[in-house]
Amino acid sequence: MGLLSGKTALITGASKGIGRAIAIKYAQEGANVAFTYLSSVEKGQALENELAAYGIKAKGYRSDASQFAAAEELVNAVVSEFGGLDILINNAGITRDNLLMRMTEEAWDEVINVNLKSCFNTVKAATRTMMKAKAGAIINITSVVGIKGNAGQANYAASKSGIVGFTKSVALELGSRNIRCNAVAPGFIETEMTAVLDEKTVQGWRDAIPMKRGGQPDEVANACVFLGSDMSSYISGQVLQVDGAMLT
Ligand code: NAP
């Protein structure tokens, strides 16, 4: 029996990186896993097969997290195919970094829509089912950048701060329905998103982290297992930093 046996989870943006690690950990802990991807179609299909090997029900959906109507369609499909929805993880996210002076309106809107509006889209669509069940766990992936800010990432930082306010508001509104809502704030996690950065900069970051290394996607996924499971049944409205004490 895994920590998530019998539960159905929906994870957005699981074709790679942190989302993929969460999907695998969830399957290992016995959850049935629905997940989304957008551009990485082959990786999404490969993950579906990889998850099914754990003997759980798994299905990938190509769905754009930034689109309100698509989220409603997605949640309806998951609820009808899986028979319910217990855990929602908003992980899909992008960066379009630039100094404010050079940041375009498109780069601002795209990041806000994919990172922040996406959380509104899926939570809005999922609450009906969770309220009926009088149970639910929502986990939104924010970032230490949403707490501290970061030069060159005004759009990303704003989207991630927005997630913190949204998470706390959802926890306050839906607590009486036994729906918990928490955020996970990773620090520097080594994924494809960060692999595009120059090695010298990256080593500088590693050196500045008290634990002297970047984090692994699995280390974020473990925090999501805890917050999705009944082990955290009285924890809601929190932002859990997974950052090797980077922001302390
Ligand atoms: P990643 O490797 O670039 O993966 C991002 C995932 O999001 C991909 O599966 C991608 O799917 C999906 N995605 C992007 N836009 C989407 C859309 N419009 N609709 C649906 N899915 C979409 O990034 P990551 O590093 O794993 O980051 C995952 C989350 O953690 C993000 O929210 C990020 O902001 C946050 N985070 C990361 C770090 C870090 O250091 N890596 C630190 C703090 C927070 P496709 O490829 O199929 O489009």
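The values are calculated or read from the model by the stated rules, or taken from the named source; none is laboratory data. A quick note: this is a predicted structure, and the numbers were derived from the prediction, not measured. Quick reminder, even Gly has a Cβ in these numbers, built from the backbone with ideal geometry, and neighbours come from all protein chains shown. Quick note on the areas: whole protein, heavy atoms, side chains included, nothing else; ligands and nucleic acids left out. Shrake-Rupley method; radii C 1.70, N 1.55, O 1.52, S 1.80 Å.
Annotations for the structure displayed:
- Those lysines that a straight Cα-Cα span of less than 26 Å connects to Lys132, excepting residues fewer than 8 apart in one chain: Lys7, Lys57, Lys59, Lys117, Lys124, Lys168
- Selection among Ile163, Ser63, Thr12 by position relative to the dipole of segment 8-240 gives Ile163 as farthest towards the positive end (Cβ unit charges, Cα centre).
- Rounded to the nearest 10 Å², the accessible area of Tyr156 at probe 1.4 Å: 30
- Cβ-defined net charge surrounding Asn150, 11 Å radius [Lys, Arg +1; Asp, Glu -1]: +1
- Gained length - Leu247 relative to Leu100, 0.36 nm times residue gap less alpha-carbon distance: 50.6 nm
- A Cβ-based charge dipole, computed about the Cα centre of the chain with Lys and Arg at +1 and Asp and Glu at -1, lands at about 600 debye.
- Solvent-free Debye scattering, log10 I(q)/I(0), computed from the Cα coordinates of segment 108-201 at q = 0.17 Å⁻¹: -0.77
- Mean separation of Cα contacts under 8 Å (6+ apart) over length of segment 8-240, as relative contact order %: 20
- Heavy-atom accessible surface of the chain: percent carbon and sulfur, 1.4 Å: 53
- Farthest toward the positive end of the dipole of the chain, out of Ala46, Ile179, Met1, is the Cα of Ile179, where the dipole comes from beta carbon charges about the Cα centre.
- Annotation for Gln28 and Glu50: the two label points, set 7 Å from Cα along the Cα-Cβ direction, are 1.2 nm apart.
- In nm, spacing of pseudo-spin labels at Lys43 and Met131 (7 Å Cα→C-beta vector): 3.6
- Per residue accessible area in Å² of segment 190-248, where ligands, DNA and RNA are left out and the probe is 1.4 Å: 61
- Our compactness index for the chain, the C-alpha radius of gyration over the empirical 2.2 N^0.38 Å, is 0.95.
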